[in-house]
1. Output the number of the condition that S42 fails; it satisfies all remaining conditions of (1) buried (at least 17 other Cβ atoms within 10 Å of the Cβ); (2) within 11 Å of ligand 2 (Cβ to nearest atom); (3) at positive phi.
2. Among the residues of segment 185-199, is there at least one that is within 16 Å of ligand 1 (Cβ to nearest atom), among the hydroxyl-bearing types (S, T, Y) and not in a helix (DSSP H, G or I)?
3. What is the number of the single condition among (1) within 16 Å of ligand 1 (Cβ to nearest atom); (2) within 30 Å of I112 (Cβ to Cβ); (3) in contact with a Leu (Cβ under 9 Å, 6 or more places away or on another chain) that S58 does not meet?
4. For residues that are part of a strand (DSSP E or B) and either touching a Gly at 6+ places or on another chain (Cβ under 7 Å) or among the small types (G, A, S) (or both), tally how many sit in segment 26-60.
5. If the Cβ limit is 9 Å and pairs must be 6+ apart or interchain, which residue in segment 33-54 that is under 28 Å from E191 (Cβ atoms) and without any contact (Cβ under 8 Å) to a residue 60 or more places away in the chain pairs with which residue that is part of a helix (DSSP H, G or I) and near ligand 2 (Cβ under 8 Å from one of its atoms)?
6. Among the residues of segment 78-130, how many are modelled with pLDDT under 90, touching a His at 6+ places or on another chain (Cβ under 9 Å) and closer than 20 Å to D161 by Cβ?
7. So which residues in segment 126-177 are away from ligand 1 (no atom under 16 Å from the Cβ), among the aliphatic types (A, V, I, L, M) and surrounded by fewer than 18 Cβ atoms within 10 Å (Cβ to Cβ)?
8. Return yes when D7 is surrounded by fewer than 21 Cβ atoms within 10 Å (Cβ to Cβ) and at pLDDT below 95 and no when it is not.
Amino acid sequence: MTDLMLDVRGLDVTFGSTTVLHGVDVTLAKGRTVGVVGESGSGKSTLAKVLVGSVRPSAGHVDVDGVDLVNHEHTSMRRYRRRVQMIPQDPYSSLSPRRTIGQTLAEAINPIRSRVSDHRDLIASWLERVGLTPDMMHRYPHEFSGGQRQRIAIARGLIIDPDFVIADEITSALDVSVQAQILELLAEIKESLGITMMFISHNLAVVQRVSDEVLVLYQGRVVEAGPVEEIYANPQHWYTRRLLDADPGSPGFSLAG
Ligand SMILES: Nc1ncnc2c1ncn2[C@@H]1O[C@H](COP(=O)(O)OP(=O)(O)OP(=O)(O)O)[C@@H](O)[C@H]1O
Ligand SMILES: [Mg+2]
């Protein structure tokens with residue numbers, strides 16, 4: 001037994017002749033949140049895809065909660081995919097327009113026994129937990145705002161009590177004030193449930209809101225990693241300093257302002 005959720009060392013990912021992750025190291029203790037920040041194309045989503053098991057590492061050691069993602073058996077991945085949940089960036093395209101929210105959540109809970117009536121209490125309690133109301137389980141995705149849909153996507157990711165959650169740019173499509181509300185919600189859920197999370201964004205201020213640690217990716221390499229406060233107080237790499245300078249959310253500014 002280990003208290004590490006992530007033990008990633010020397011991870012390379014290559015597509016054809018292009019290497020998009022170079023020797024990435026990440027360790028994350030259970031119950032902690034690591035923020036991953038970096039500009040577009042730096043390899044953030046690729047790292048996420050490796051961790052959910054949809055992209056194969058080209059080299060390195062990748063262990064998630066004791067599962068070796070480099071040398072795994074195909075059959076063990078079914079269970080793994082329930083234990084590790086990704087909250088998508090765009091909940092509109094990932095929520096089925098023909099299913100009510102209740103049906104979508106019931107199916108997440110149990111794809112075989114997926115009647116809403118089988119899971120009504122759990123669905124109602126999660127809708128409340130993410131700031132919605134139980135009666136909304138009867139509505140369809142188009143009847144919600146972008147922020148509300150993101151709340152539904154969070155509920156869907158967490159309702160099956162996963163061991164590890166990856167949120168990839170989940171606030172980038174939202175207005176700044178709605179973004180702040182979603183971050184508050186995540187921070188609150190993280191506190192109360194003690195979940196282990198990877199939180200990805202190109203915005204350092206957003207990452208800082210919900211993370212204990214930060215990993216800065218630049219052109220597929222980790223250029224800086226450490227506790228949030230340290231990175232803010234004493235950034236070592238020029239790219240991190242540039243992110244802090246460019247950041248309207250760095251100290252002195254309010255994200256919601
Ligand atoms: N399946 C693939 N085949 C070839 N190249 C890919 C593939 N997936 C990603 N890439 C390339 O890998 C690099 C990293 O992409 P990735 O999506 O991980 O970046 P990102 O940091 O998530 O960017 P963004 O902030 O825009 O979401 C990019 O240059 C991208 O074009
Ligand atoms: Mg991405």
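1. Against the list (1) buried (at least 17 other Cβ atoms within 10 Å of the Cβ); (2) within 11 Å of ligand 2 (Cβ to nearest atom); (3) at positive phi, S42 comes up short only on (3).
2. Pass one, segment 185-199, residues within 16 Å of ligand 1 (Cβ to nearest atom): 198-199.
Filter again for among the hydroxyl-bearing types (S, T, Y), leaving none.
No, segment 185-199 contains no residue that is within 16 Å of ligand 1 (Cβ to nearest atom), among the hydroxyl-bearing types (S, T, Y) and not in a helix (DSSP H, G or I).
3. Just one mismatch for S58, condition (2).
4. Of segment 26-60, the ones part of a strand (DSSP E or B) are 26-29, 33-37, 59-60.
Those still in the list that are either touching a Gly at 6+ places or on another chain (Cβ under 7 Å) or among the small types (G, A, S) (or both) too: 29, 35, 59-60.
Matching residues across segment 26-60 total 4.
5. Correct list of pairs: empty, since none qualify.
6. Going through segment 78-130, the residues modelled with pLDDT under 90 turn out to be 78-82, 88-94.
This time we only want the ones that are touching a His at 6+ places or on another chain (Cβ under 9 Å), so: 80, 92.
Remaining after also requiring closer than 20 Å to D161 by Cβ: 80.
Summing the residues that are modelled with pLDDT under 90, touching a His at 6+ places or on another chain (Cβ under 9 Å) and closer than 20 Å to D161 by Cβ in segment 78-130 gives 1.
7. Start the filter on segment 126-177 by keeping residues that are away from ligand 1 (no atom under 16 Å from the Cβ), which leaves 126-165, 175-177.
Filter once more, so that each one left must be among the aliphatic types (A, V, I, L, M): 127, 130, 132, 136-137, 152-155, 158-160, 165, 176.
I160, V176 - these are the residues of segment 126-177 that are away from ligand 1 (no atom under 16 Å from the Cβ), among the aliphatic types (A, V, I, L, M) and surrounded by fewer than 18 Cβ atoms within 10 Å (Cβ to Cβ).
8. Values: surrounded by fewer than 21 Cβ atoms within 10 Å (Cβ to Cβ): yes; at pLDDT below 95: no.
No; evaluated as a whole, the condition is false for this residue.
The values are calculated or read from the model by the stated rules, or taken from the named source; none is laboratory data. Only a predicted model underlies this, so the values are computations on that prediction, with no experimental measurement involved. As a convention, Cβ positions derive from the backbone with ideal geometry for all residues, glycine included, and neighbour counts pool all protein chains shown.
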